[in-house]
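Taking it in order: structure first as structure tokens, then the write-up.
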Amino acid sequence: MIDDDPALCTRLQEYVAQYDIALLTCGTPSKGLTALAQHNPDLVLLDVMLPEKDGFTVCKDIREQYDTPIIMLTARGELTDKVLGLEIGADDYLAKPFEPRELVARINVLLRRGNTRTKKELKWSFLGLDIYPEHHKLVLDGQEIDITGMEFRLLRLLAGNPGRIYSRDELLNELKGMGSDVYSRSVDILLSRLRNKLKDSAQSPKYIKTIRNMGYCFVGKRL
């Protein structure tokens, strides 16, 4: 659920749990899109009035990569909004305030219908580089590159948050959280190997940049 009303999110989380529905909530589109890539949910509840950008734009962003069913939620009940939402790819539209039981019924209808739908292959495209985060696949200048599991996890972490600076300790903690036997020095080794496979360099980085006394960030140019 992508909605900036925390009280509503909490109430719905508690309500739908009794119907064996696990609801993950995000307050901004950026967090919602990240969660969508990480968790591959069965359905998205999407508010229209959001910070960063409106729900119609977010719906378009989702539809570029996913066939995941979308129910749009909004306090605006105008017919034109409903038509627009459906035209850009939403599967259903529910105006606020709504009865939670009706929402559960609509969710179940779409989930039953969604059994025949398949999710498009997710791809992150940068200049000269395509990353398929769900399929452990890396394509550099049109050629698929052999990459170890740990190298790919490191790349997926950095490229999944372009521009964010990760300290060595943060990278270490993230990789350890993936159930791996990682120690501080191995992060440097992984970064070195990853740069070699990307034909990148610390002196003139195309993808992974070292920020002195701070850490590392992904600087690939998004397409």
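The values are calculated or read from the model by the stated rules, or taken from the named source; none is laboratory data. All figures in this text were calculated on a predicted structure; none of them were measured in a lab. In this analysis, Cβ positions are derived from the backbone assuming ideal geometry, glycine residues included, and neighbour counts consider all displayed protein chains.
Quick look at the values:
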| quantity | calculated |
| --- | --- |
| Residue under evaluation residue 68, criteria (1) modelled with pLDDT of 90 or more; (2) in contact with a Lys or Arg (Cβ under 9 Å, 6 or more places away or on another chain), criterion not met | (1) |
| Close pairs from segment 201-222: first over 16 Å from residue 161 (Cβ atoms), partner loosely packed, with under 12 Cβ neighbours inside 10 Å, Cβ under 8 Å, at least 6 apart | 206/127 |
| Filter result for residue 15 (outside any loop (DSSP other than H, G, I, E, B), without any contact (Cβ under 8 Å) to a residue 24 or more places away in the chain and either among the hydroxyl-bearing types (Ser, Thr, Tyr) or on the phi > 0 side of the Ramachandran plot (or both)) | no |
| Selection count, segment 181-206, where residues are at pLDDT 85 or above, surrounded by fewer than 15 Cβ atoms within 10 Å (Cβ to Cβ) and not aliphatic (A, V, I, L, M) | 6 |
| Meets criteria (part of a helix (DSSP H, G or I) and either in contact (Cβ under 8 Å) with a residue 60 or more places away in the chain or assigned by TED's automatic domain parsing to the domain that holds residue 93 (or both)) for residue 22 | no |
| Hits in segment 28-63 - residues which are part of a loop (DSSP other than H, G, I, E, B) and under 25 Å from residue 105 (Cα atoms) | 40, 41, 42, 43, 48, 49, 50 |
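Let's see how each residue does on (1) under 12 Å from the mean Cα position of the chain (by Cα); (2) closer than 19 Å to residue 99 by Cβ; (3) surrounded by fewer than 18 Cβ atoms within 10 Å (Cβ to Cβ); (4) modelled with pLDDT under 90:
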{"position": "8", "(1), (2), (3), (4)": "no, yes, yes, no"}
{"position": "18", "(1), (2), (3), (4)": "no, yes, yes, no"}
{"position": "23", "(1), (2), (3), (4)": "no, yes, yes, no"}
{"position": "30", "(1), (2), (3), (4)": "yes, no, yes, no"}
{"position": "47", "(1), (2), (3), (4)": "no, yes, no, no"}
{"position": "50", "(1), (2), (3), (4)": "no, no, no, no"}
{"position": "56", "(1), (2), (3), (4)": "no, no, no, no"}
{"position": "63", "(1), (2), (3), (4)": "no, no, yes, yes"}
